Amino acid sequence: MTSIESILKDNGPMLSSELIELLSQRDSASNEAIRKRLSRVAFPVRKQKGFFSANQSFFYLDNDFDSEIYFESLTQ
């Protein structure tokens, strides 16, 4: 399990800015390296982009799609 996947499993779906912050606390990687990792996510991590301000993406696990936590996180 990747660190991205484990964060999403523990905290639920979230925007890329929140995910970058949590990953930078967990790993000692730069923000640029974390952004590159996020651009290459693979199953079961999914991302939805194009709907959020500041070019952010919404990251979620495939199992969370269409669930209550998915819609709660999306509306926040």
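Numbers for the structure displayed
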{"item": "Point-charge dipole on Cβ atoms (K/R +1, D/E -1) for the chain, about Cα centre, debye to 20", "result": "440"}
{"item": "Theoretical FRET efficiency, 1/(1+(r/R0)^6), r = Cβ-Cβ of E21 and D66, R0 22 Å, to 0.05", "result": "0.25"}
{"item": "Accessible surface of the chain [probe 1.4 Å, protein heavy atoms]: carbon and sulfur percent", "result": "46"}
{"item": "Accessible surface of K47 - all protein chains present, 1.4 Å probe, nearest 10 Å²", "result": "80"}
{"item": "Vicinal HN-Hα couplings computed from phi for the range 63-76 (Karplus, 6.51 cos²θ - 1.76 cosθ + 1.60; Hz; Gly/Pro x)", "result": "5, 7, 4, 6, 9, 5, 5, 4, 6, 5, 5, 5, 6, 6"}
{"item": "Relative contact order of the chain, defined on C-alpha pairs under 8 angstrom at six or more residues apart (%)", "result": "38"}
{"item": "Net charge, S17 excluded, C-beta distance under 15 Å - Lys, Arg +1, Asp, Glu -1", "result": "+1"}
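The values are calculated or read from the model by the stated rules, or taken from the named source; none is laboratory data. Small disclaimer: the values here were computed from a predicted structure and weren't measured. Counting neighbours? That spans all protein chains shown, and the Cβs are built from the backbone with ideal geometry, glycine included. Surface accessibility is based on the protein's heavy atoms, side chains included, excluding ligands, DNA and RNA. Shrake-Rupley method; radii C 1.70, N 1.55, O 1.52, S 1.80 Å.
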